[in-house]
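Remarks on the structure that follows.
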Amino acid sequence: MTYPDLYLMIDGQRLSGGGRRTHKVVNPATGEAIADLPLADAADMDAALAAAQRGFHRWRDSTPHERAAVLQGAARLMVERQEALARIATLEQGKTLAEARIEVMMNVGLFNFYAGEVFRLYGRALVRPAGQRSTVTKEPVGPVAAFAPWNFPLGNPGRKLGAPIAAGCSVILKAAEETPASALGVLQCLLDAGLPGDVAQAVFGVPDEVSRHLLGSPIIRKMSFTGSTVVGKHLAKLAAEDCKRTTMELGGHGPVLIFADADIDKALDTVVAGKYRNAGQVCVSPTRFIVEAGVHDRFLAGFVERAQKVTVGDGAAAGSVMGPMANARRLDAMDWLIGDAVAKGARLETGGERIGNAGYFFAPTVLSATPLDAAIMNEEPFGPVALINAYADEAAMIAEANRLPYGLAAYAWTSDAARQRRVARAVEAGMVGINTAMIGGSDSPFGGVKWSGHGAEDGPEGIDACLVTKAIHEG
Ligand code: NAD
């Protein structure tokens, strides 16, 4: 397929060339460059900020019907363009076409959900004596700077754009430089559905330059970031300089508690597919398998058997179940993390190495008996690695689940109803899956606690995060 032209989308204009620096976009299945992405300079970002200011004053006064029409129209266009969008995402990010198609439909579901929610941005009237009136209203927070990473090249931009637009904000999106065409494709659906060009824009650039420039401007009133905890902490400090509102979707280290009374085969079928989805480059990926000792050996053997059957190949090829990793940095990270774990005593059960020399393919990997001081037991691996360890009982399993400062997604598999409720309450996480890996949905908040961030996307909470309250008292 042909890869589309790349540009900055500022105030409804496609900008490229003009002596701007460029960044090479690479197909991770081949390692070859497929396009040059123009990078924003300071003048581009100032133009985007000025437009965002105008766009905010326009869009804050839009009616719910106008917002709903744009969101529904964009959803319809995404359905029509599903195949083209999915192919672009696979080409620049590597994931399988099947996964990329699902990502398009996640955006469709979210935009349609938000199109309904815009009619429910209620305030309230307080009880007051006759002649007095006090109301609490919700207003859009202001222009939003939104930073989206490369792992969900369509879904992340969809979340970053959908919520501010539903709330009546303008938004400047800086999506990942690795996956720009997917982000531009999502934005284009909104613009083609009638969204004014100053309400949503897209810039790319040197990440640190862009974030310092945008967050340094008083025009931006909210920052939304998805990415690593390290970068998130840095950006949160920049946002704090100007008391900007923040939504932070950071890393995770998904604990999966497998109890002896669970349906082990069902658990295995689900969690193995979940582990190798998107080559493990998912913030809610199941990662630390905390297995009750009595079923550890059976679980481990079943996991390894299934991992070895995962077909790794170009995401665009029929039959591929797992594509390449998204960039060469991830391959290096896998090598280092697995090497460190094995050096410290972990057993490499399968995988552990790059596949071939072209592209960024890495074998589905399982480590067992990994000591807690191995880096991979403490840092988000963000790759196709499962860590399977045995624990004595429920208390030890919950302690291990809560050992890390992360708290994004946690999973538990048990048939004991009382334990299901106990564990769901005890684990420190923003999302908990009991006997399921499905922990999201357009109507459900997606977010974490502790080092995994704060605030949520999706659900009514996603729009609420772009609203401020105003109390008006009339005497
Ligand atoms: P990274 O931490 O450098 O970048 C992560 C994302 O943040 C990228 O999209 C990048 O463009 C952006 N970014 C980096 N510095 C920035 C800055 N100063 N201002 C604005 N944006 C900035 O690392 P990476 O190599 O791209 O990914 C590695 C790690 O990031 C992974 O191991 C994983 O922990 C994390 N990550 C998390 C998610 C998620 O969904 N939470 C997504 C992608 C990456």
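The residues in the stretch 230-273 that are of a type outside the set (Val, Ile, Thr), free of Cβ contacts under 8 Å to residues at least 60 places away in the same chain and near the ligand (Cβ under 9 Å from one of its atoms) can be counted, and the count is 2. Restricting attention to the stretch 437-456 and to residues that are buried (at least 18 other Cβ atoms within 10 Å of the Cβ) and touching a Ser or Thr at 6+ places or on another chain (Cβ under 9 Å), the residue that is nearest to Leu257 (Cα to Cα) turns out to be Ala437. Whether a residue is surrounded by fewer than 16 Cβ atoms within 10 Å (Cβ to Cβ) and either touching a strand residue (DSSP E or B) at 6+ places or on another chain (Cβ under 6 Å) or touching a residue at least 12 places away in the same chain (Cβ under 8 Å) (or both) was assessed, and Lys95 does not pass this test. Figure legend. Inter-residue proximity from the stretch 175-199: first residues outside the structural domain of Val104 (by the TED database) and on the phi > 0 side of the Ramachandran plot, second residues surrounded by 23 or more Cβ atoms within 10 Å (Cβ to Cβ) and among the hydroxyl-bearing types (Ser, Thr, Tyr), beta-carbon distance below 9 Å, spacing 6+ or different chains. No pairs are indicated. Of all residues in the stretch 275-299 being of a type outside the set (Asp, Glu), away from the ligand (no atom under 15 Å from the Cβ) and part of a helix (DSSP H, G or I), which is farthest from Val423 (Cα to Cα)? Result: Tyr276. Taking the criterion of being in contact with a Phe, Trp or Tyr (Cβ under 8 Å, 6 or more places away or on another chain) and either without any contact (Cβ under 8 Å) to a residue 12 or more places away in the chain or not assigned by the TED database to the domain that holds Ser320 (or both), would at least one residue in the stretch 39-57 satisfy it? Within the stretch 39-57, one or more residues are in contact with a Phe, Trp or Tyr (Cβ under 8 Å, 6 or more places away or on another chain) and either without any contact (Cβ under 8 Å) to a residue 12 or more places away in the chain or not assigned by the TED database to the domain that holds Ser320 (or both).
Residue-wise test of (1) at pLDDT 95 or above; (2) more than 30 Å from Val312 (Cα to Cα); (3) surrounded by 22 or more Cβ atoms within 10 Å (Cβ to Cβ).
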{"position": "Val26", "(1), (2), (3)": "yes, no, no"}
{"position": "Ala29", "(1), (2), (3)": "yes, no, yes"}
{"position": "Glu32", "(1), (2), (3)": "yes, no, no"}
{"position": "Asp36", "(1), (2), (3)": "yes, no, no"}
{"position": "Met45", "(1), (2), (3)": "yes, yes, yes"}
{"position": "His65", "(1), (2), (3)": "yes, yes, no"}
{"position": "Ala68", "(1), (2), (3)": "yes, yes, no"}
{"position": "Arg81", "(1), (2), (3)": "yes, no, no"}
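Which ones in the stretch 440-475 are on the phi > 0 side of the Ramachandran plot and part of a helix (DSSP H, G or I)? Correct list: Gly459 only. All conditions but one from (1) in contact with a strand residue (DSSP E or B) (Cβ under 9 Å, 6 or more places away or on another chain); (2) under 30 Å from Arg120 (Cβ atoms) apply to Arg58; the one that does not is (1). Just one of the listed residues (Ala437, Ala429) is modelled with pLDDT of 95 or more, under 26 Å from Ala146 (Cβ atoms) and within 18 Å of the chain's Cα centre (by Cα), namely Ala429.
Looking across the stretch 30-55, the residues that are more than 18 Å from Gly216 (Cβ to Cβ) and assigned to a helix (DSSP H, G or I) come down to Arg54, Gly55.
The values are calculated or read from the model by the stated rules, or taken from the named source; none is laboratory data. Owing to the predicted nature of the structure, the values given are computational and were not obtained by experimental measurement. Glycine gets a Cβ as well: all are built from the backbone with ideal geometry, and neighbour counts include every protein chain shown.
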